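Heads up, the thing below is written out as structure tokens.
FYI, it's all coordinate maths here, none of it is from the lab. As the structure is a prediction and not an experimental result, all values here were calculated from the model. Cβ atoms come from the backbone with ideal geometry, glycine included; neighbour counts cover every protein chain shown.
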Amino acid sequence: MANHKTKSAGTLFVVSTPIGNLEDLSSRALDTLKRSDLIIAEDTRHFGRLAKRFQIQSKTLSYHDHNESSRSPEILAQLEAGSTVSLVSDAGTPTISDPGFRIVRACREAGINVIPIPGPSAAIAALSVSGFETDRFTFFGFLPLKPGKREKAVREALASDCCVIIYESVHKILKTVGLIAEIEPERQLFVAREMSKMHEEYLSGSAQDLQKDLSARSSLKGEFVLIVRGAKHSLNS
Ligand code: SAM
């Protein structure tokens, strides 16, 4: 059973922010951010762009992987004292391949309310336009950096019966698609690049076709979501 604090304890809002187009910020997210006593942001300068666009004047504090442990007691103390705190990441839903789960867990353990303000997430946005079966899926996030572990993860993705969603950097997308093309050239892939931004692009096809397409480009820029279609791609397989 959740352990809820008395009315005087504050609330931590986990606020999703746009993954590109700033106009995707929901009005409830904006209202929550404006009403917050404190916004804890993965990068306060990055958040500054959103704050400027929407005239959000709440106080901000940086909160990322390297200061999570040292910052948490201070944030918890403010919440215990009744403050409204919002957690944001650079883009999308906080805690999803982004910092934040530790403060969420600490709040839950302390009986402080934690409320999501739902909104964009690159994984779901990409899956929703892939045309692949969406009844079940697995989220791998970023693959390990070490080549051996990376290949193991790719093989694990290929063994999955349902779609696997992978976050990729510009430096790794071609390598990963190439590796899949080597192991299973006909496997169907979907690549979402720069969603909701100026150079938004969607590609689907076999691993070998996508490898050819991507490697033929003189420059490849942006942020990518790669979706590997399930090995058995019938619904509820
Ligand atoms: N928390 C975020 C979310 O909910 O989607 C994800 C943060 S993670 C650090 C950033 C990764 O998400 C990028 O490397 C890329 O794989 C993916 N991503 C974020 N925005 C994207 C976009 N506009 N288009 C394509 N991929 C994107």
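In plain terms, if you count all Cα to Cα distances in the chain and split them into 5 Å steps from zero, the share in each step is 1, 6, 13, 16, 15, 13, 12, 10, 8, 4, 1, 0, 0 percent.
Springs join every pair of Cα atoms under 10 Å in this Gaussian network model of the chain, and among Val170, Val104, Val154 the largest mean-square fluctuation is at Val170. Derived scalar couplings between HN and Hα for region 122-133 equal 4, 4, 6, 4, 5, 4, 5, 10, 6, x, 8, 4 Hz in order, rounded to whole Hz, by the Karplus curve 6.51 cos²θ - 1.76 cosθ + 1.60 (θ = phi - 60°), x for Gly and Pro.
Quote the charge dipole size of region 123-236 about the Cα centre in Debye, to the nearest 20; the model charges only the Cβ of Lys and Arg (+1) and of Asp and Glu (-1).
400 debye
Residue-wise HN-Hα couplings along region 32-43, as the Karplus relation 6.51 cos²θ - 1.76 cosθ + 1.60 with θ = phi - 60° gives them from phi, are 5, 5, 5, 7, 6, 6, 8, 10, 9, 10, 4, 9 Hz; Gly and Pro carry x. Annotation note: GluC sites (Glu not before Pro) in region 182-237 located in DSSP loop regions with a Cβ neighbour count of at most 13 within 10 Å are Glu186, Glu200.
Translational diffusion coefficient of region 11-120 (Stokes-Einstein, Kirkwood radius from Cα pairs, 20 °C, 1.002 mPa s): 159 µm²/s. With Cα atoms defining each centre, region 26-51 and region 157-199 are spaced 32 Å apart in the structure. In region 1-85, what trypsin sites (Lys or Arg not before Pro) fall in a loop by DSSP, with at most 13 other Cβ atoms inside 10 Å? The qualifying sites are Lys7.
Let me check against my output: what whole-number percent is the relative contact order of the chain, with C-alpha pairs under 8 Å and at least 6 apart? Walk me through the intermediate numbers first.
Numbers: 450 pairs, mean separation 51.5, N = 237.
Dividing the mean separation by the residue count of the chain yields 22 percent.
Only Cα pairs under 8 Å and 6+ residues apart enter the sum, and on that basis the relative contact order of region 123-236 stands at 35 percent. Every helix of 4 or more DSSP H residues in the chain counts as -39500 (n - 2.57), and over all residues that averages to -10500 deg cm²/dmol at 222 nm. Note on region 11-120: dipole from Cβ charges, positive end direction compared against Leu30, Pro94, Leu76; the farthest Cα belongs to Leu30.
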